[in-house]
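Just below is one structure, and these are the notes that go with it.
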Amino acid sequence: MNDELDTLISAYFDQTLSEEQLGELETWINADPENARRFADAVYLEERLGAELKLKGFTDSAETDDKIVAIPTVTRRSWVTRTAAMAAGLAVAAGLALWWQADTATSPEVSFASVIQTLDVKWAKGYEMAVGERISSGVLRLEMGIIHLEFDSGVEVTLQGPAEFEVKSVEETRLHAGVLTCTVPPGAEGFRVDTRTAQVVDLGTAFGIEQREDGQSEVSVFDGEVEIVTDKDRDKHLLTEGKSVQLGADGSLSEVEFSPEPFEKLWPAASGIAGSTGDFRFAPPWPRRLRLIQSDTEIFVLPEGYRTELEEPCPIDIAGSNSADSPIPAGQRVRSFLLQYNPSNAEPAPRGERIRRIEGSITFARPVLGLIIEGGTLQETDARFSVRSGRGPDAKRGLEGSPPGIADDVSLSEDRHTVTLKLVASGRFSDHVRVIVDAALGEADSH
Amino acid sequence: MKDSTQQVTRLWTSAQPVVAAFVASIVVNPHDRDDVLQETALAVLNSYSAYDPNRPFQAWAIGVARNQIRLYLRRRKRDRLVFSEETVATLQSTFEKGAPPPGLDYLPECIDQLEGRARTLCDLRYQEELKPSAIGERIGMAANSVAKALQRIREQLRACIEGKLTREGVG
């Protein structure tokens, strides 16, 4: 290759050409297609050189991570990020965050949520999804059963089929049909679920929508407040905790009696419970105005608030892991459940009468980190977790250790997901077990 | 994803090395280049319905890029270092018909063979996107010397690739 031309081309790339030199280069390029070809080859090499060096710089500085979130405004743009951005330029156009994967041979799809859990689900044909699968913009359709989704923002949505649910972005969705409950953690306010005739925007923290095929829908707020904007007249309505409205197919809005019943079946899934056997009854995962519930024959499962991050280590009595019963470390994200047995304060059964046993098992979608069964530990952790969960009189709490013959039993399965409870209904004591379940963000359940 | 969106994404992924090179041949500033490429990607998506599938996609995409380049050049004040319309047209036709030269995949190995200062110069030039004068200030060299050194590095890399191609039996 001509030395002088090499110099010109090199200087062109480094932007050090004079106007006269630029003219010389252009004349040469335009003189012969073969020249243009050689110039193009030099451009390819230069482009690739820059890309490879950027890539080396990028990967050198991000040793631990395989996945890097690349937002269009990031100043350190690697060729790979740029390539991915161009390949999915459409997604970049919508201003969405892009997941960069080590092999960029395939065009990355932008996704906002994961399927965390399914319960007896029957997907519509062609719409099948697996637990752990990522959700990008599109429609989810199920004929029956319950699914639990978790958005990258921490928003959780539980759906009961038959249902059709459209995901547009990490904060914009539409319920075409079905029953849905939704919890929105701090920081994710503004999450929106559109019904057929209105927009429902969550201002924190929990609500439910029932969208019927005939076009009518009902919105109930369990905790916090939501803003409803009807398509028809664009009016804004603020709906607060303990209130419901009905949205007619014609776009009208009317306040109705608060009715959480249509959502009851979703509560276990919404709480992260995968299944249960035996004598359990479930309360919803948001704070409840429950008075002390007394029942001789059922154990109540009371989720204690939403998932939280432990500010201090949490003491436990039975460890979920193989290690000793050391406290759960601070910083861990957890969910707490209070299993509560509050029989009516009847007289203790006379001696000789058959003693009733209550048993059952609960399977959680995520692993159990620890169980709290002793009165002292229960009291200590009450302050942390107990939120309007309707605790009873605490004359004596915690599982009885003795005397033998009426000993209670609580055990954790080997895979740490199932808690089995055997209680003796002696009619005198309230029994509580607090279950601390792993709730780290961004991890799909493998159960 | 809709069918057509998947389609255009696939087509775009295979065409973009050529389109990127075409844009790079005219828009030398790296940040501007990124912007023009991004605009081109958007334009390809938005006007995909106007694309005639009987025509080669690469050529069509380069045409879209050409329009974006034109808009970009108009937006900037008249820059000395910008090619004329005639040259842009020549380059468009060149890139439309061509493909990247062989051997580019050997670049990473060839880069690894660069030593000491040569490698430093590359890092400053391509990772930090510094101009020769800024590089010169950073490492205590005259800007001219930096420019010459970069030219020699490019030649060295080209020779390295050609060497590997010859050994491969291609060159």
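Measuring with a 1.4 angstrom probe and ignoring ligands and nucleic acids, A:Glu264 comes out at about 90 Å² accessible.
Here, region B:1-78 yields an orientationally averaged convex hull projection of 5.3 nm² when only Cα atoms define the hull.
Work out the length of the dipole vector of region A:170-268 about its Cα centre, built from +1 on the beta-carbon of each Lys and Arg and -1 on the beta-carbon of each Asp and Glu, and round it to the nearest 20 debye.
On the way: 9 positive and 21 negative charges, 37 e Å.
Dipole about the Cα centre, nearest 20: 180 debye.
Cβ distances below 4.7 Å define possible disulfide partners, and in chain B the cysteines left without one are B:Cys122. Burial here means at least 50 square angstrom less accessible surface with every protein chain in place than with the chain by itself, probed at 1.4 Å; in region B:28-77 the buried residues are B:Val28, B:Asp34, B:Gln38. In order along region A:111-120, phi translates into HN-Hα couplings of 10, 10, 8, 10, 7, 8, 7, 10, 10, 6 Hz, rounded to whole numbers, per the Karplus curve 6.51 cos²θ - 1.76 cosθ + 1.60 with θ = phi - 60° and x for Gly and Pro. Applied to region B:126-143, the Karplus parametrisation 6.51 cos²θ - 1.76 cosθ + 1.60 on θ = phi - 60° returns per-residue 3J(HN,Hα) values of 9, 7, 9, 6, 8, 7, x, 5, 5, 4, x, 4, 5, 10, x, 10, 6, 4 Hz, with x for Gly and Pro. Amide H contacts of A:Ala274 (H built 1.01 Å from N, in plane; Pro and chain starts excluded): A:Thr363, A:Phe364, A:Ala365 sit under 5 Å, all sequence-distant by 5 or more or on other chains.
Residues whose amide H comes within less than 5 Å of that of A:Ile316, counting only those at least five positions distant or on another chain, are A:Ile328 (H built at 1.01 Å from N in the peptide plane).
For region A:154-185 versus region B:31-48, the spacing of their alpha-carbon centroids is 33 Å. For region A:150-162, the Karplus equation 6.51 cos²θ - 1.76 cosθ + 1.60, evaluated at θ = phi - 60°, returns couplings of 10, 7, 4, 7, x, 5, 10, 10, 10, 10, 10, x, x Hz by residue, with Gly and Pro reported as x.
Using a ≥ b ≥ c from the Cα gyration tensor of region A:156-210 (square roots of the eigenvalues), is it rounded, prolate or oblate, where a/c under 1.5 gives rounded and otherwise the larger of a/b and b/c decides, a/b for prolate?
Numbers: a/c = 1.78, a/b = 1.49, b/c = 1.20.
Verdict is prolate for region A:156-210.
Label positions at B:Asp112 and A:Ala330, each projected 7 Å from the Cα along the C-beta direction, are separated by 4.6 nm.
Over region A:227-316, one equal point on each Cα, no solvent: what is log10 I(q)/I(0) by the Debye formula at q = 0.18, 0.19 Å⁻¹? Here log10 of I(q) over I(0) equals -0.99, -1.03. Quick check: from the Cα gyration tensor, does region B:44-118 come out rounded (a/c under 1.5), prolate or oblate? Here region B:44-118 falls in the oblate category.
Distances between placed amide hydrogens fall under 5 Å for A:Ala177 paired with A:Glu164, all partners being 5 or more residues away or on another chain. Ordering A:Glu20, A:Glu218, A:Glu133 by accessible surface, largest first, gives A:Glu20, A:Glu133, A:Glu218; the 1.4 Å probe counts only protein heavy atoms, with every chain in place.
Excluding A:Thr7 itself, what net charge comes from residues whose Cβ is under 13 Å from its Cβ, given Lys and Arg +1 and Asp and Glu -1?
On the way: positive: B:Lys148, B:Arg152, B:Arg154; negative: A:Asp3, A:Glu4, A:Asp6, A:Asp14, A:Glu24, B:Glu155.
Net local charge, A:Thr7 excluded: -3.
Heavy atoms of the protein chains alone define the surface here; on that basis region A:117-163 has 42 Å² accessible area per residue at 1.4 Å probe size.
Neighbours of A:Lys125 by Cβ distance under 15 Å: Lys/Arg scored +1, Asp/Glu scored -1, total -1.
As a length-normalised measure over Cα pairs under 8 Å and 6 or more apart, the relative contact order of region B:14-97 settles at 45 percent. So for chain B, averaging the separation of alpha carbon pairs under 8 Å that are six or more residues apart and normalising by length, what relative contact order in percent results? Here the relative contact order equals 20 percent.
Net charge near A:Gly248: determine it from the other residues with C-beta under 13 Å of the C-beta of A:Gly248, scoring Lys and Arg +1 and Asp and Glu -1. If you can, show how the numbers build up before the last one.
On the way: positive: A:Arg196, A:Arg212, A:Lys232; negative: A:Asp214, A:Glu218, A:Asp231, A:Asp233, A:Asp250, A:Glu255.
Once all neighbours under 13 Å are counted, the net charge is -3.
Interface A/B, total buried accessible area with a 1.4 Å probe, nearest 100 Å²? Display every interim value, and only then the final one.
On the way: alone 22750 and 11340 Å², together 28790 Å².
Looking at A and B, the buried total is near 5300 Å².
Compute the Kirkwood hydrodynamic radius of region A:180-288, taking the inverse of the mean of 1/r over all pairs of distinct Cα atoms, and give it in Å to one decimal.
Details: mean 1/r = 0.0700 Å⁻¹.
About 14.3 Å for region A:180-288.
The values are calculated or read from the model by the stated rules, or taken from the named source; none is laboratory data. Every value quoted in this text rests on a predicted model; they were computed, and no experiment measured them. Quick reminder, even Gly has a Cβ in these numbers, built from the backbone with ideal geometry, and neighbours come from all protein chains shown. In case anyone asks, the SASA skips ligands and DNA or RNA and just uses the protein heavy atoms, side chains included. Shrake-Rupley method; radii C 1.70, N 1.55, O 1.52, S 1.80 Å.
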